[in-house]
Amino acid sequence: MSLPIVAIVGRPNVGKSTLLNRIAGGSEAIVYNQPGVTRDRLYLDAEWCGYQFQVVDTGGLVFEDSETFLPLIRAQVEIVLQEAAAVVLVVDGQQGLLPSDREVSDWLRTHKVPVMLAVNKLEESSTALSLASEFWALGLGEPWAVSAIHGSGVGDLLDEIVRLLPTQEDLPDAVRELRIAIVGRPNVGKSSILNALVGGEHPRAIVSEIAGTTRDAIDTVIERDGKRYRLIDTAGIRRRSRVDYGVEAFGVTRALRAIRRADVVVLVIDAIEGISDQEGKLAIKISEGGRACVLAINKWDAIEKDTYTMNRYREDVREDLDFVSWAPVVFVSALTGQRLDKLLDSVDSAAAQHQRRVSTSVLNEALQEALLQHSPPATRQGRQGKVYYATQITTNPPTFVLFVNDPKLFKDNYRRYLEGRFRESLGFEGSPIRLFYRGKPQGERQKSRSSRASATSKR
């Protein structure tokens, strides 16, 4: 059973995203003093007094088409109203009742969904009720005086929300979700891939040729073959020098945060434009964050191809993005739907490798083969590095400890060699792996030297 949905609607800049963050108990929605920051729908889980539901932020409603995105935003809100069990209409108590508030309330009356009226920005308790009373004129019932910033009045509003929502006899058990962050430069097709994966008549994310259309990290949950996926569409990440402070900067911050909270990152690359420095920097972020990764080459339908095009392109991508050279490469088209099923298959496989644990015996067989082919390094003084055995200590990503005589004898190039041999023997495609050296305690090393010295003197 899916959770009931509560939609937050209203004209621009009345504090919808701030109220969403307050109800959901986080800071996922971008809040900025500029109209039209929110464009897409942003779904977040919320709970009040043990009752679980989803709260959805929406773009500001304006009933004119002076800007490109206004009709698209209204279409997004229309979709939410079809899904919602209740609606919270947010108005600005400091500005008072405006004609645009009446337009929104009249529009909501045409939809068969319960509406609550939240009069926001009423921080002063002494004047809150008198300022809120003006909004009785909308005919939507009691106006609830709230301050989304300070939290005052939000508890009473939530009590009313829960009262209006359908009764939940048994809340659904928590279902393990695979969190997938979709990242890349602006206009490479991230939102188009999201919409194609979700399917259906209505798109989940607004798609436009205008770079920067997606501003927030948008969560969408889908199910496929009994598995549940949380797709996180993110703002396009440009070079830092080109990012202005404000909405875009906040969107980039949310995108980087989405990488950290994802299980698998799908790095989308424009097949026509190819690899840039920005993809390389994102690859570093993904690798250093220990996230599983799949490389999606989008717009593949627009490329002229021969028998060898795909293999050459794959080799070039792995060479240019050496930090994630272990990631599978999938050639897709969000426009035609080409290989999108394979994209999710690769995501599943990468997630499985990210969570995989190898037995100590199998791991040490692979280690011995690697040692036989290439012995550990030795110093100029003749000190030879020795690897005794290895064990896996954790997953997500798979992390191994190699017990050695002295970690200082082992440099990064030998770690890279061992990682490559482990991948050849054990797999782990789609997941980074971590290798650490652990030496004997200092006291044991000194005992070992002393015993060797004693044996030599006796001889």
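The values are calculated or read from the model by the stated rules, or taken from the named source; none is laboratory data. Since this is a predicted model, take the numbers as computed values, not measurements. Neighbour counts run over all protein chains shown; Cβ positions are idealised from the backbone, glycine included.
Overview of results
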{"read-out": "Leading residue by the ranking (modelled with the lowest pLDDT) among those in region 384-400 that are part of a strand (DSSP E or B) and in contact with a Ser or Thr (Cβ under 9 Å, 6 or more places away or on another chain)", "value": "Q384"}
{"read-out": "Given (1) at pLDDT 75 or above; (2) buried (at least 20 other Cβ atoms within 10 Å of the Cβ); (3) not in a loop (DSSP other than H, G, I, E, B), number of the condition L3 does not satisfy", "value": "(3)"}
{"read-out": "Which listed residue is assigned to a helix (DSSP H, G or I), among the acidic types (D, E) and in contact (Cβ under 8 Å) with a residue 12 or more places away in the chain, from E419, E429, E424", "value": "E419"}
{"read-out": "Filter pass, R357 being in contact (Cβ under 8 Å) with a residue 12 or more places away in the chain and not in a helix (DSSP H, G or I)", "value": "yes"}
{"read-out": "Within region 340-363, considering residues that are over 20 Å from the mean Cα position of the chain (by Cα) and crowded, with 18+ Cβ neighbours inside 10 Å, the one nearest to E223 (Cα to Cα)", "value": "V358"}
{"read-out": "Residue that is modelled with the lowest pLDDT, among those in region 401-459 that are under 21 Å from L363 (Cβ atoms) and basic (K, R)", "value": "K440"}
{"read-out": "Total residues in region 71-80, condition crowded, with 20+ Cβ neighbours inside 10 Å and at pLDDT 75 or above", "value": "2"}
{"read-out": "Residue list for region 106-124, restricted to those being basic (K, R) and modelled with pLDDT under 85", "value": "K112"}
{"read-out": "Failed criterion for V252 (all others in (1) among the hydrophobic types (A, V, I, L, M, F, W, C); (2) surrounded by fewer than 16 Cβ atoms within 10 Å (Cβ to Cβ); (3) at pLDDT below 75 hold)", "value": "(2)"}
{"read-out": "Residue check for V362: at pLDDT 90 or above, assigned to a loop (DSSP other than H, G, I, E, B) and farther than 30 Å from A196 by Cα", "value": "no"}
{"read-out": "A235 being in a loop (DSSP other than H, G, I, E, B) and modelled with pLDDT under 95", "value": "yes"}
{"read-out": "Residue pairs meeting the criteria (Cβ under 7 Å; at least 6 apart or on separate chains; first under 19 Å from E223 (Cβ atoms), in region 166-187; second at pLDDT below 80 and basic (K, R))", "value": "R179/R261"}
{"read-out": "Close pairs (9 angstrom Cβ cut-off, 6 or more residues apart or separate chains): touching a residue at least 24 places away in the same chain (Cβ under 8 Å) in region 331-349, in a helix (DSSP H, G or I) and among the hydroxyl-bearing types (S, T, Y) anywhere", "value": "F331/Y313; A334/S191; A334/S192; L335/S192"}
{"read-out": "Residue, farthest from P398 (Cα to Cα), within region 287-308, restricted to residues that are touching a residue at least 40 places away in the same chain (Cβ under 8 Å) and among the hydrophobic types (A, V, I, L, M, F, W, C)", "value": "A296"}
{"read-out": "Failed item, numbered, when G189 is tested on (1) buried (at least 22 other Cβ atoms within 10 Å of the Cβ); (2) modelled with pLDDT under 90; (3) in contact with a Leu (Cβ under 7 Å, 6 or more places away or on another chain)", "value": "(3)"}
{"read-out": "Residues located in region 255-283, provided they are over 16 Å from the mean Cα position of the chain (by Cα) and either in a loop (DSSP other than H, G, I, E, B) or modelled with pLDDT of 90 or more (or both)", "value": "I269, D270, A271, I272, E273, G274, I275, S276"}
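Residue by residue, here is whether (1) within 13 Å of V266 (Cβ to Cβ); (2) in the same structural domain as G420 (by TED's automatic domain parsing); (3) not charged (D, E, K, R) holds:
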residue	(1), (2), (3)
T307	no, no, yes
R318	no, no, no
V332	yes, no, yes
L343	yes, no, yes
